[in-house]
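Participant: Quick one: this structure, given as structure tokens, is what I'll be asking you about.
Values quoted throughout were computed directly from the atomic coordinates according to the rules given, and no laboratory measurement underlies them. Since the model is a prediction, treat every value here as computed from it, not as a measurement. All Cβ positions, glycine included, derive from the backbone under ideal geometry; neighbour counts span all protein chains shown.
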Amino acid sequence: MRVRNKPWADDFIKEHSDYIVEDPENWLGKWSQKFSKNQPIHVEIGMGKGKFIIEMAKKFPNINFIGVEIQKSVIALALKKLASEELNNVILVHTDGAGVNTFFNHHEISTIYLNFSDPWPKKRHAKRRLTSPKFLDSYAEVLKEDAPIVFKTDNRGLFEYSLVTFNNYGMHFEYVSLDLHNSPENEDNVETEYENKFSKKGPIYKAIVKFDNKKED
């Protein structure tokens, strides 16, 4: 998803610095200090315009949420939504999701959400997919024992690739759906902006997976 540059983004981010972090490496192992309560931390990597992470924060006030997004114009739109809410359990992080193990400590995170990630369909770009082995290595470092990765996509190719990658990595499948919106689990599903717009064009795929044997340094 590419969004046009927002001339107001820089000033708006500065004005609402309490909700956003642009130096995540400085918060390694200290993220609980950014929140008013010491609660489990859930992270969405590639949060887009923020609908999912904000709605989840409203639904689960006993969880602290962190949304990671690399595009400044996109995170500014999410920040605009967040600033209009009275929530103390959401922080946005402006950075590349490829470096989660550089700004989250070992076993610091209780859940990772990957929602409608860029499929990078060309084979030569496979390593850029957020479910590639390189990314799984970093998730394994930061997730707590028995903590899940929750993955949703409308891209069949990315879903099939991800299932194979999860399996080859030795992960345990908690849940797999080939049509989430026509399943009983959809009743509790929190949608992203993209999901709300494009779900009528085809099925939404979902998987919940856990690391059986974490790879440690």
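Participant: Can you run phi through the Karplus equation (6.51, -1.76, 1.60; θ = phi - 60°) for the stretch 48-63 and list ³J(HN,Hα) in whole Hz, with x for Gly and Pro?
Facilitator: x, 7, x, 4, 4, 5, 6, 5, 5, 5, 5, 6, 10, x, 8, 10
Participant: In vacuum, with every alpha carbon of the stretch 168-215 counted as one equal point scatterer, what does the Debye formula give for log10 I(q)/I(0) at q = 0.22, 0.29 Å⁻¹? Two decimals, please.
Facilitator: Log10 of I(q)/I(0), two decimals: -0.80, -1.08.
Participant: OK, next. Using 0.36 nm per residue, how much length does the chain from K80 to K58 gain when fully extended, once their Cα-Cα distance is taken away?
Facilitator: 6.3 nm
Participant: Ranked by Cβ crowding within 10 angstrom, fewest neighbours first, how are W120, W31 ordered?
Facilitator: Ordered by Cβ neighbours within 10 Å, fewest first: W120, W31.
Participant: At what distance in nm do the modelled label points of F12 and N38 sit from each other, each positioned 7 Å from its Cα along Cα→Cβ?
Facilitator: Computed distance between label sites F12 and N38 equals 3.5 nm.
Participant: In debye, nearest 20, what is the charge dipole magnitude of the chain about its Cα centre with +1 on Lys and Arg Cβ and -1 on Asp and Glu Cβ, if you could check?
Facilitator: That gives the chain a dipole magnitude of about 860 debye.
Participant: I would also like to ask the following. Pull out the extension gain between K144 and H107, defined as 0.36 nm times the separation in residues minus the alpha carbon to alpha carbon distance; nm, one decimal.
Facilitator: Answer, rounded to one decimal: 12.9 nm.
Participant: In the calculated pair distance distribution of the chain, what percentage of Cα-Cα distances lie above 26 Å?
Facilitator: For the chain, the fraction of Cα-Cα distances above 26 Å is 33 percent.
Participant: Let me ask something else. Run the simple label-point estimate for I70 and F173 please: 7 Å along Cα→C-beta, distance reported in nm.
Facilitator: Simple spin-label model gives 2.9 nm for this pair.
Participant: In addition: Considering only DSSP beta bridges with both partners in the stretch 21-211, what is the antiparallel share in %, to the nearest 5?
Facilitator: Antiparallel bridges make up about 40 percent of those DSSP assigns within the stretch 21-211.
Participant: Same structure, new question: Among the trypsin sites (Lys or Arg not before Pro) within the stretch 60-142, which fall in a DSSP loop and have no more than 14 other Cβ atoms within 10 Å of their own Cβ?
Facilitator: Sparse-neighbourhood loop trypsin sites (Lys or Arg not before Pro): K122.
Participant: Here is a further query. For a 22 Å ceiling on Cα separation, which of these pairs sit above it: K6/K134; K122/K152; K6/K58?
Facilitator: Too far apart for the 22 Å limit: K6/K134; K6/K58.
Participant: Among H172, H107, H125, determine the one that fluctuates most according to a GNM of the chain built with springs between C-alpha atoms less than 10 Å apart.
Facilitator: In the Gaussian network model the winner is H125.
Participant: Once the dipole of the stretch 21-211 is set up with Lys and Arg at +1 and Asp and Glu at -1 on Cβ about the Cα centre, which of L136, F173, F65 lies farthest towards its positive end?
Facilitator: L136
Participant: So if we plug the beta-carbon distance of E22 and N189 into 1/(1 + (r/R0)^6) with R0 = 22 Å, what FRET efficiency do we get, rounded to 0.05?
Facilitator: 0.10
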